[in-house]
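Report on one structure; see the data block that follows.
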Amino acid sequence: MDSIKDKIIALLSDLNYKKRKINNFEVYESEGKYLKLTFLNSLESFVIEYADSYDGATKNLFEDGDLYPISMDEDLLICKMRDEIINS
């Protein structure tokens, strides 16, 4: 699982997202858009949550994206996640 998380963080960096800390949560920011990477143990899946502004991020008003199960092929997971981030 750590290798997948490392690849997701590298993806975010490639897409010019910078790591920030808001309310003790690690988030990623690019051009005023905020993403939070969450792992759901019960579903063994990652989800990217989105906030459209700093205010929304500080108020924890994130909307869930798609689920990405860790059982998925890593390259496919990263490719689908890239598409979601770019198109959101």
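The values are calculated or read from the model by the stated rules, or taken from the named source; none is laboratory data. If you're wondering where the values come from, they're calculated on a predicted model, not measured in any experiment. Using ideal geometry, Cβ is built from the backbone for each residue, glycine included, and neighbour counts are taken over all protein chains shown. Note: areas computed on protein heavy atoms with side chains; ligands, DNA, RNA excluded. Shrake-Rupley method; radii C 1.70, N 1.55, O 1.52, S 1.80 Å.
Here are some notes:
- Contacts under 7 angstrom Cβ, first residue in the range 12-24 being part of a helix (DSSP H, G or I), partner not aliphatic (A, V, I, L, M), 6 or more apart: 12/28
- Restricting the range 1-11 to residues that are touching a residue at least 60 places away in the same chain (Cβ under 8 Å) and of a type outside the set (A, V, I, L, M, F, W, C), the residue that is farthest from residue 65 (Cα to Cα) is 3.
- Comparison of 74, 63, 44 shows that the only residue that is among the acidic types (Asp, Glu) and under 12 Å from the mean Cα position of the chain (by Cα) is 63.
- Every residue from the range 1-25 that is more than 14 Å from residue 86 (Cβ to Cβ), under 10 Å from the mean Cα position of the chain (by Cα) and not β-branched (Val, Ile, Thr): 5
- Per-region count, the range 31-88, residues open to solvent by 90 Å² or more (accessible area, probe 1.4 Å) and touching a residue at least 60 places away in the same chain (Cβ under 8 Å): 1
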